[in-house]
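Reading through the structure tokens given below for one structure.
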Amino acid sequence: MSRDPILIEARDVIRRFGETIALDGVSLTVEGGYVHALLGPNGAGKTTLLRAITGFLTPSSGTVTVLGADMAKSPRSVRQVLGFVPSGDRTFYLRISGLENLVFFARLHGLRRTEAVRRAREVLAQVGLAGAAAERVGVYSHGMQKRLSFARALITDPQVFLVDEATHDLDPEGARRVRELAARLAERGAAVLWATQRLDEIRGFSERVTLLHRGRVRFDGAVPDLIAHALPRSYHVCLTNGTVGGRALERLVRHALGDRGRVVLLGEGSEHFHMALGEHVVLGEAIAALQAAGLNVITCREERSGIEEAFLLLTQEDGP
């Protein structure tokens, strides 16, 4: 696999919408030859960042460069080699076929008609739509339209490939196919930035990950390092039914544990929570502290720490 220089770079990007800060000092680098995951819950700022990278949105402050070009000043210079799959795509012409749509967009990118038709057929086959090439897009399912979005983003064989919640409308086979297409682009040296809130998508697929939460970067590094960020021991704790739940429970547990560990509620009003303990904390001492706080623990099951625990801890803990 080839490793190219940094193809996408965001530096201290802030984006405000009125009084709301969607991005709060975000910095990010994506090298060619990588699938780089942009992970975060709804409202984390993933789509805003992708739009800034495409040049469709200008940061309030900070800079975004793609292939060395400042996207706030000269976005057109790189759009020919940038592919973008948005989360919701309503820009296709529903009364004409999938093939005709792709030929139209290929021509907008400057391809001659013969080359546009050839390339449109090629990418339709790649996304599994060759058999539906002549059908009107208006009769395509949501999943088929998502595949068509992928085909359009691939039509120029982009050096930079951005994907926003790509597999939301896809069945497992369709999701596997588009991930393979993205991985092949990276193998050829493209920079792939894949935004998702689905943890299962990044296992064995992306090599690096940036985790956004409330517009700020909470983690940036290799996927194994994200998993390692979770505290080494994690427990599923269940209290007596009827014990206080919700935020009141969270406050009680946080106060009882102090600096011994961290807690993540498993649903509002639930008596269940994850408890992650520090390396030198004795489990019995933590349980005793919970009991002393009036919380009647009836079960405590150790769980293997992993990417879900890391995600929950990083997106629910207080502070930057």
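Nothing in this text is a laboratory measurement; each read-out follows from the coordinates by a stated rule. Predicted, not measured: the structure shown is a model, and the values here were computed from it. No Cβ is skipped: glycine too gets one built from the backbone with ideal geometry, and neighbour counts run over all protein chains shown.
Between the C-alpha center of segment 123-154 and that of segment 46-115 there is a gap of 18 Å. Think of it as helices only: each DSSP H run of n ≥ 4 in the chain is worth -39500 (n - 2.57), and spread over all residues that comes to -10000 deg cm²/dmol at 222 nm. Sorted ascending by nearby beta carbons within 10 Å, beginning with the fewest, Leu28, Leu39 become Leu28, Leu39. The order of the peptides 219-226, 189-196 by mean Cβ neighbours within 10 Å, most packed first, is 189-196, 219-226.
For the chain, the Kirkwood estimate of hydrodynamic radius, built from reciprocal distances between every pair of different alpha carbons, is 21.6 Å. Net length available on complete extension from Leu283 to Ala69 is 71.7 nm, with 0.36 nm assigned per residue and the Cα-Cα distance removed. Seen from a random direction on average, the alpha-carbon convex hull of segment 85-225 projects onto 9.0 square nanometres.
Site pair Ser60 and Asn42 shows an inter-label distance of 2.3 nm when each label is modelled 7 Å from Cα along Cα→Cβ.
Counting every other Cβ atom within 10 Å of each residue's Cβ, Met71, Met275, Met144 order from fewest to most as Met144, Met275, Met71. Computed from the C-beta positions of Ala125 and Glu19, the FRET efficiency with R₀ = 35 Å rounds to 0.15. Charges were assigned to the Cβ only: +1 to each Lys and Arg, -1 to each Asp and Glu. The resulting dipole of the chain about its Cα centre is roughly 1340 debye. Comparing Cα centroids, segment 183-230 and segment 280-302 end up 34 angstrom apart.
The modelled label-to-label distance between Leu199 and Asp89, using points 7 Å beyond Cα along the C-beta direction, is 2.9 nm. Rounded to the nearest 0.05, the FRET efficiency derived from the C-beta distance between Glu115 and Cys300 at R0 = 41 Å is 0.05.
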